[in-house]
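Single-structure report; data block below.
What follows draws every value from the coordinates through simple rules; no lab data is involved. Note that the structure is predicted; figures quoted are calculated from it, not measured. Don't worry about glycine lacking a Cβ; one is built from the backbone with ideal geometry, like all the others, and counts go over all protein chains shown.
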Ligand code: PMV
């Protein structure tokens, strides 16, 4: 008899504008990031489920806390199908380091949900995929806006407002986005909590910073329509300054943002939850992007990626 298998894949994402503010109902813009790819393979095994991924290898039941969201949905899907949580193994491969603000936690969930449905021979409705991914993200992050799952599942750029359907946003800019990894894991949950603390301790200042980020996201949407890369760069740098004031940046992120700007970037900012993870920078030409990328690597970046913004997907 043919062995039962399940396979699922998902790409990462980059938040161009509006991280953190999106949690408080402001808009944000996110782009799929196809350089980041997660693959989940499920094969038949014997006995307890073995989970094998970058963060952990061993029995599903002993997985560390950071994988609780994933473990919960694996358990839930298996139970919902009336199957037993045993006799299969889950292998998750990622070509990017996890926890770098590229949406890896949502992408791991999406790839694994797709693989489990295939393994159990079930059809997966998009609404169900979104629901399950958000359950897992809620366990991982506490209060996710849903932007990661929306862009990762849709695989197209979106203008996103919490509790509203994502709006497709065709991006076609003649410029290049450089993504640079600090090498330090991002701390989305911690960063989201710290923004909340800041807002509670100084509501007037906190709310005005959040509103400022929302205004930048709205302006970005208009600027994308007129394809003005110089203006986009300026807004990115402004957003970084606000994110720094919100205390979700750190010395390493600020250093890389400065290196990018001193090397001729049109603008640069952290992306995602912050307190680690990645920065993004914008360049007018491929040569300039390469130069900025080289400077970032020479000045502490762990890795870089360059993507053309001339098509919807990066
Ligand atoms: O760190 P990431 O890639 O998961 O991005 C988090 C984005 C936040 O706005 C900080 C949180 C959220 O749920 O939207």
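For the chain, the longest principal axis of the C-alpha atoms and the axis of helix 68-80 are separated by about 40°. Semi-axes of the equivalent ellipsoid of region 43-104 are 22, 13, 10 Å, computed as sqrt(5λ) over the eigenvalues of the C-alpha gyration tensor in descending order. What angle, in degrees between 0 and 90 and rounded to the nearest 10, separates the Cα long axis of helix 229-245 from the longest principal axis of the Cα atoms of the chain? It works out to around 70 degrees.
Over region 188-292, the ratio between the Cα radius of gyration and 2.2 N^0.38 Å evaluates to 1.11. Residues within the reach of a label modelled at residue 284 (point 7 angstrom out along Cα to beta-carbon, backbone nitrogen below 14 Å), restricted to region 230-258, are 230-234. Region 3-76 and region 130-147 have Cα centres lying 11 Å from one another. Along its first, second and third principal axes, ordered by size, the chain spans 60, 44, 33 Å in Cα coordinates.
Summarising the overall dimensions of region 119-187 from its C-alpha atoms, the Rg and Dmax are 15.1, 44 angstrom.
Sorted on the mean count of surrounding Cβ atoms within 10 Å across their residues, most packed first, peptides 111-118, 62-69 read 111-118, 62-69. Taken over region 101-227, the ratio of Cα radius of gyration to 2.2 N^0.38 Å equals 1.22. Calculate how steeply helix 203-226 sits against the longest principal axis of the alpha-carbon atoms of the chain, using the helix alpha-carbon long axis, and give the answer as 0 to 90 degrees to the nearest 10. For 203-226 against the chain, the angle is about 90 degrees.
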